[in-house]
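Engineer: Shown below is the structure under consideration.
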Amino acid sequence: TLEKTGFDANDLEIEITESIAMENVERTSSKLESLKELGISISIDDFGTGYSSLSYLKRFPVQKLKIDRSFVKDIEGQNCDAAIAKSIIDLAHNMSLQVIAEGVECLDQSDWLLNRGCDQVQGFYYSRPLSEEQLMSFLNSDQVIRDITGVRLANLGRG
């Protein structure tokens, strides 16, 4: 498909859920290695919710871990979710991986994660899913802002 379309593999990122990755570790590792060799970036989605062993994580050629939204929901307090999220951030960085948090629904969650080193956040706080037409209209509007890290963020709810 990359050859047919001329799409640059370095611009492509795929996500595989932790539970799917663990169904057949040998096959998954082999397939992911082939994709990485093409230049495709790979993320493990829903990290922390499956039945994985950390020993398998080092075998997968991934560049990013995505913290599942279930750990983000109540992250602002000093609780188990906060401890798990911070541990995933630290683990990812210690393995030279980027970490993304899913399910961010408010500024406090975003701030908490970014202040603890999370590389990226995503969720309804920034935008609901958009069609291609809505996305293009949005990107050309005044609603696109830059946060303190210079990342383009969309927040439809703030006007």
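Engineer: State whether the residues of segment 53-72 include one that is open to solvent by less than 70 Å² (accessible area, probe 1.4 Å), closer than 26 Å to Glu105 by Cα, aromatic (Phe, Trp, Tyr) and under 19 Å from the mean Cα position of the chain (by Cα).
Structural biologist: Yes - at least one qualifying residue is present in segment 53-72.
Engineer: Also: Being in contact with a Ser or Thr (Cβ under 9 Å, 6 or more places away or on another chain), closer than 27 Å to Ser127 by Cα and among the aromatic types (Phe, Trp, Tyr) is true for just one of Phe60, Phe7. Which residue is that?
Structural biologist: Phe7
Engineer: Sticking with this one: What are the pairs with Cβ atoms under 8 angstrom where one residue, in segment 16-29, is among the hydroxyl-bearing types (Ser, Thr, Tyr) and the other, located anywhere, is part of a helix (DSSP H, G or I) and surrounded by 17 or more Cβ atoms within 10 Å (Cβ to Cβ)? Sequence gap at least six, or different chains.
Structural biologist: Thr28/Ala21
Engineer: Among the residues of segment 5-24, how many are among the hydroxyl-bearing types (Ser, Thr, Tyr), surrounded by 10 or more Cβ atoms within 10 Å (Cβ to Cβ) and in a helix (DSSP H, G or I)?
Structural biologist: Residues meeting the conditions: 1.
Engineer: Here is a follow-up. Has segment 25-33 got any residue that is under 18 Å from the mean Cα position of the chain (by Cα) and either among the aliphatic types (A, V, I, L, M) or not in a helix (DSSP H, G or I) (or both)?
Structural biologist: yes
The values are calculated or read from the model by the stated rules, or taken from the named source; none is laboratory data. Please read all numbers here as calculations on a predicted model, not as lab measurements. A quick note on method: Cβ atoms are made from the backbone with ideal geometry, for glycine too, and the neighbour counts reach across all protein chains shown. We work out accessible area using only protein heavy atoms, side chains counted, and drop any ligands, DNA or RNA first. Shrake-Rupley method; radii C 1.70, N 1.55, O 1.52, S 1.80 Å.
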